[in-house]
1. Top mean-square fluctuation among A:Leu135, A:Leu24, A:Leu243, Gaussian network model of chain A, C-alpha springs under 10 Å?
2. Assuming R0 = 35 Å, what is the FRET efficiency of B:Asp164 and A:Asp90, from their Cβ-Cβ distance, to the nearest 0.05?
3. Report the paramagnetic label zone for B:Phe215: residues of segment B:125-147 whose backbone N is under 15 Å from a point 7 Å from Cα along the Cα-to-Cβ axis.
4. If you keep only loop residues by DSSP, which chymotrypsin sites (Phe, Trp or Tyr not before Pro) in segment A:117-213 have at most 15 other Cβ atoms within 10 Å of their Cβ?
5. Go through A:Lys3/B:Lys254; A:Lys254/B:Lys4; A:Lys201/B:Lys60; A:Lys201/B:Lys22; B:Lys4/B:Lys184 and tell me which ones have a Cα-Cα distance over 23 Å in this structure.
6. Quick one: longest stretch of chain B between exposed loop GluC sites (Glu not before Pro), exposed meaning at most 16 other C-beta atoms within 10 Å and loop per DSSP?
7. Taking the Cα centre of the protein assembly as shown as origin, sum charge times position over the Cβ atoms of Lys and Arg (+1) and Asp and Glu (-1), and report the length of that vector in debye to the nearest 20.
8. Select from segment A:108-215 those trypsin sites (Lys or Arg not before Pro) which occupy a DSSP coil region and have at most 15 other Cβ atoms within 10 Å, ordered by residue number.
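Coordinate-derived values only; no laboratory data. What you are looking at is a predicted structure, and each value in this text was computed from that prediction instead of being measured. Cβ: placed from backbone, ideal geometry, glycine included. Neighbour counts: every protein chain shown.
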2 protein chains.
Amino acid sequence: MEKKKPLILVTNDDGMFAPGIKHLIRVAKQHGDIVVVAPDSPQSGKGHAITIDEPLRLNKVEVADGVHAYECNGTPVDCVKLAKHVLLKDRQPDLCVSGINHGSNASINIIYSGTLSAAMEASLEGIPSIGFSLLNYSFEADFEFCLTHISKIIEFALHNSFGDSKLLNVNIPYVPEQGLKGIKVCRQSNARWEEEFLESKDPRDRPYYWLTGKFVLEDKGEDHDLHALEQGYISVVPSMHDLTHYGALSAIEKIEEL
Amino acid sequence: MEKKKPLILVTNDDGMFAPGIKHLIRVAKQHGDIVVVAPDSPQSGKGHAITIDEPLRLNKVEVADGVHAYECNGTPVDCVKLAKHVLLKDRQPDLCVSGINHGSNASINIIYSGTLSAAMEASLEGIPSIGFSLLNYSFEADFEFCLTHISKIIEFALHNSFGDSKLLNVNIPYVPEQGLKGIKVCRQSNARWEEEFLESKDPRDRPYYWLTGKFVLEDKGEDHDLHALEQGYISVVPSMHDLTHYGALSAIEKIEEL
């Protein structure tokens, strides 16, 4: 009897027609049966948002031969919830891959990212999950140079556990000409957005603010994701959803005496 | 010369006219100068979403004597970013308090919660921050029984560091009759939502799905937030934004050899 192929759930936050997800579907197809559920509009920066006050829809769309694909009117996290509990309620996916995001989700970007929040939601359901992001925002970016590495990482994920983690945050430096140096396992670097707002007036003379900002690295270490990326390596950060700061538990003990 | 009063930023995810934020403003006013920036519509479940593709507005509103208050058309995280970088660019707040949320943000709810994401955004900016949540969803809920404790926790936060953490996730059991047993410092419990969707058809006979679900505790420990709450204590979890799963770093080392 033929061995059953792995079932791989594919999602993203840029929508079904972003080049990144098309490449990811093409690579994932080599490793198993594919179900795709992606947002019907761009959802960058949606973080772990869920839709509570409105109904959700799933519309079947054609993306590639033999691939079941659906657009959803919700957030990336909604896509994963619907995939798991409506479309795939009879069979748990063996892996969830999200992306390939157009732009970095290294460092603190993990908490703003729809791509990584979708993968984290799947990991909360016990599904090993990977968020892939390419450090280039353009829809014209070249993806070919990194597809072999993505394929190997998917192969690894289908045959190895991530220890106690269920989620890998994978970022890929944009080096189509030089080529990739390899893969580094790292921790999340300590960095933040120094926000600035474009302040202007609308045609009715009312003030408005539009988010901009620059990314500031505040980390002297060399074992973190931004360092690996700068050196030309793919960064892989095993991640989790327990936000407890264990080191601070004893520091605030006195609060129990209030 | 009179000592300068602390500056406290107040926000939430339920909007300016939720009872929870009114109580929080009233308590915070006893401890310092208050600036309030809250969403102009309910933003529950918005997680760490930010608004990238649209302009943001700030509208001054009246909420209490001597309090500067603004409604914003963005997410809770947008509110904090605008407060910090537009309204308060000349003076860093000494503390940010978010809430009082109508409903629990204990355990895994922290990652879906607009209330906690707002507080986390302030903590990323180096501002000590606290998210307060009451375990009752009703706008009719009684808040009086817990206001003294909230006041003491704010007082503590203004005079003590949280160790290396900058963020406290504070949940309050709904015990207006029995009264609170006290405060417990705990870790985030391991729990998750077992999602279910209401499946139905709209007036045009098209299928839709609406998120529902039940909360499932998967944690045998007794040092976690849900246990403290069940016993009648306020739970305080020092939290963080480094999502690295340090324990899994060595488990996935082999990936570097791909």
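1. Taking springs between Cα atoms under 10 Å, the residue moving most is A:Leu243.
2. Here the calculated transfer efficiency is 0.20.
3. B:132-138
4. A:Tyr137, A:Phe139
5. Violating the 23 Å limit, Cα to Cα: A:Lys3/B:Lys254; A:Lys254/B:Lys4; A:Lys201/B:Lys22; B:Lys4/B:Lys184.
6. B:63-139
7. Around 60 debye, computed over the protein assembly as shown.
8. On the way: sites: A:Lys152, A:Lys166, A:Lys181, A:Lys184, A:Arg187, A:Arg192, A:Lys201, A:Arg204, A:Lys214; in loops: A:Lys166, A:Lys181, A:Arg204.
When the trypsin sites (Lys or Arg not before Pro) of segment A:108-215 are filtered for loop state and at most 15 Cβ neighbours within 10 Å, A:Lys181, A:Arg204 remain.
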